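To start, the structure under review is shown below, and the notes come after it.
The values are calculated or read from the model by the stated rules, or taken from the named source; none is laboratory data. All figures in this text were calculated on a predicted structure; none of them were measured in a lab. As a convention, Cβ positions derive from the backbone with ideal geometry for all residues, glycine included, and neighbour counts pool all protein chains shown. To get the accessible areas, we keep the full protein, side chains included, count just its heavy atoms, and leave off ligands, DNA and RNA. Shrake-Rupley method; radii C 1.70, N 1.55, O 1.52, S 1.80 Å.
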Amino acid sequence: MNKAKSIYRKNPEVSRLLMIMVLWLIFMMFTQAEKFFTGRNFLTMAGQFPEYGLMALGGMLCMITGGIDLAVVGTANMASILSVYTMIHFFGEDGTMPMAFSVVIFLIAILTGVVVGSVNAFLISKLGVPPILATLGVNELLTGLCIVVTNGSAVSSFPKQYCDFFSGNFLGFIPRRLIVFIVVAFIIWLMLEKSTYGTKLRLYGTNAHVAKFSGINTTALLFRTYITSSVCAALGGLMMLATYSSARADYGSNYTMQAILLIVLGGVSPNGGKGKISGVLTAIVLLKMIEAGINRFRSVSTYYVTLIWGAVLILALVIDYFSQKPKKAK
C-alpha cells in the first residue's frame, strides 16, 4: 500500500490517467467488448493518434515555458502542401516517386518547421508579442497562404507511393506512422530528461527573469523550443498526408484544441515550469481509447466528441488551478 502511494506521489498525473484508462477499459469490456477489443481496432488507434500526438509533443515544450503554440495545424498543412507540390514538380501528377525521395519530403517538412518556428520565436523573444497572439497570427497567415496556393480545394493528384508506404504497417502489424511518433517522442524525452535543455526550459517557465539573470540565453532557448514545436507539427502534417492521401488548407482543424487538451491533461501547467513527457504520452493513448470507444456506440453521434473534449479541457484547467493553488496554513 505504501509502495502504491509512493508511486502515485512521484507522478500523480500519470497515475490518475492510468486509473481512468483502467476504468474505461472495464466499461468497454462490459458494453462493447466484441467491437472494441479487437486487433484491428487497436491497430487503427495506433495509426491515427501520431498526427495530433506529434503536435502535442512539440506544443508541450512551448507550454512548459509558459507559452503556447497555436500555429501547429497551419504548419502541418503548409508542410503537407509543399511536399505534395514538390512531388508533382519532380514526378508529375501521375508519375512514380522512388521511396528514397521520401527523405527529401521529410527535409522539406523539417525546413518548414524551422522557418515557422523561427518566425514564432522572433515575434515572442525579440518583439515581445504574447505567444498566444504571435502563434495565432502565424497560423492564420499560414492558413491563408495554403488557401491561396491550393485555391481552397484539396490537392489529391500526385504520386501516391509516399502515402501508400506510410499508411501501411511494418512487419504487417506495426503502423509506420507510429514508428515515426516513437522516434520523435524518444528525441523529445532525451531533450527534456537527459540534457540541460530540460532544466533550462523548466527554470524559464518558472521564472523567466531568474532564468535570464542566471546566465541562460533565453532568446536561443525560445528559438530552440518553438522550432522544435513547429518541426513536430510539420511531421504531423506528413502523417496527415499519409492518412488522407491529399493535402488541404483546413485539414485537422480541431487538432489544435486536441493538442492543448492532451498537454494540459498530461500534467503540463499552462503557467509554465512543470511538465513531463510521460504524462502527455499517457494522455494521448487515453484520449484515443475514449474516442475509439465512443465511436463504437451507434446511438452516440460523433459530433459529441468535440463537445466532450471541450468539457474535459475545462475540467483539466480547473483541476490544474486548484492543484497549483497554495494551501492555507492552519
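The table for this structure:
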{"read-out": "Subset tally (residues that are open to solvent by less than 30 Å² (accessible area, probe 1.4 Å) and more than 19 Å from Gly272 (Cβ to Cβ)) for the stretch 124-134", "value": "0"}
{"read-out": "Helices (runs of 4 or more DSSP H) lying entirely in the stretch 129-231 (those with 3 or more residues that are under 30 Å from Asn41 (Cβ atoms))", "value": "161-166, 176-193"}
{"read-out": "Tally of residues being of a type in the set (S, T, N, Q), open to solvent by 20 Å² or more (accessible area, probe 1.4 Å) and more than 16 Å from Arg248 (Cβ to Cβ) across the stretch 135-169", "value": "3"}
{"read-out": "Which numbered condition Ala46 misses (of (1) over 14 Å from Asn295 (Cβ atoms); (2) modelled with pLDDT under 85)", "value": "(2)"}
{"read-out": "The stretch 275-303, subset at pLDDT below 90 and polar (S, T, N, Q), residue least open to solvent (accessible area, probe 1.4 Å)", "value": "Ser301"}
{"read-out": "Of all residues making up the stretch 304-318, the number that are exposed (fewer than 14 other Cβ atoms within 10 Å of the Cβ) and farther than 11 Å from Ile260 by Cβ", "value": "7"}
{"read-out": "Residues (over 28 Å from Ser15 (Cβ atoms) and part of a helix (DSSP H, G or I)) located in the stretch 247-269", "value": "none"}
{"read-out": "Helices (runs of 4 or more DSSP H) wholly inside the stretch 27-78 that include at least 3 residues being over 15 Å from Gly279 (Cα atoms) and in contact with a helix residue (DSSP H, G or I) (Cβ under 8 Å, 6 or more places away or on another chain)", "value": "39-48, 50-64"}
{"read-out": "Cross-chain or 6+ apart pairs with Cβ under 6 Å, the stretch 146-163 first and in contact (Cβ under 8 Å) with a residue 60 or more places away in the chain and farther than 14 Å from Ser83 by Cα, then part of a loop (DSSP other than H, G, I, E, B) and among the small types (Gly, Ala, Ser)", "value": "Ile147/Ala249"}
{"read-out": "Unmet requirement for Leu107, which otherwise passes all of (1) at pLDDT 90 or above; (2) in contact with a helix residue (DSSP H, G or I) (Cβ under 7 Å, 6 or more places away or on another chain); (3) closer than 24 Å to Arg248 by Cβ", "value": "(2)"}
{"read-out": "Condition met for Ala121 (under 19 Å from the mean Cα position of the chain (by Cα) and either surrounded by fewer than 21 Cβ atoms within 10 Å (Cβ to Cβ) or without any contact (Cβ under 8 Å) to a residue 40 or more places away in the chain (or both))", "value": "no"}
{"read-out": "Thr150 being modelled with pLDDT of 90 or more and closer than 16 Å to Met240 by Cβ", "value": "yes"}
{"read-out": "Residues of the stretch 193-252 that turn out to be of a type outside the set (A, V, I, L, M, F, W, C) and open to solvent by 30 Å² or more (accessible area, probe 1.4 Å), as a count", "value": "23"}
{"read-out": "Condition met for Leu111 (open to solvent by 10 Å² or more (accessible area, probe 1.4 Å) and either without any contact (Cβ under 8 Å) to a residue 60 or more places away in the chain or touching an Asp or Glu at 6+ places or on another chain (Cβ under 8 Å) (or both))", "value": "yes"}
{"read-out": "When residues of the stretch 173-215 are limited to those that are modelled with pLDDT of 90 or more and among the aromatic types (Phe, Trp, Tyr), the one nearest to the chain's Cα centre (by Cα)", "value": "Phe181"}
{"read-out": "Among the candidates Val268, Val264, residue that is farther than 24 Å from Val114 by Cβ, open to solvent by less than 20 Å² (accessible area, probe 1.4 Å) and touching an Asp or Glu at 6+ places or on another chain (Cβ under 9 Å)", "value": "Val264"}
{"read-out": "Qualifying residue in the stretch 205-221 (condition: farther than 23 Å from Ile81 by Cα, among the aromatic types (Phe, Trp, Tyr) and touching a residue at least 24 places away in the same chain (Cβ under 8 Å))", "value": "no"}
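Residue by residue, here is whether (1) over 29 Å from Ile260 (Cα atoms); (2) open to solvent by 70 Å² or more (accessible area, probe 1.4 Å); (3) under 16 Å from the mean Cα position of the chain (by Cα) holds:
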{"position": "Glu13", "(1), (2), (3)": "no, no, no"}
{"position": "Val22", "(1), (2), (3)": "no, yes, no"}
{"position": "Phe27", "(1), (2), (3)": "no, yes, no"}
{"position": "Ala33", "(1), (2), (3)": "yes, no, no"}
{"position": "Gly53", "(1), (2), (3)": "no, no, yes"}
{"position": "Leu57", "(1), (2), (3)": "no, no, yes"}
{"position": "Asn77", "(1), (2), (3)": "no, no, yes"}
{"position": "Phe90", "(1), (2), (3)": "yes, yes, no"}
{"position": "Gly117", "(1), (2), (3)": "no, no, yes"}
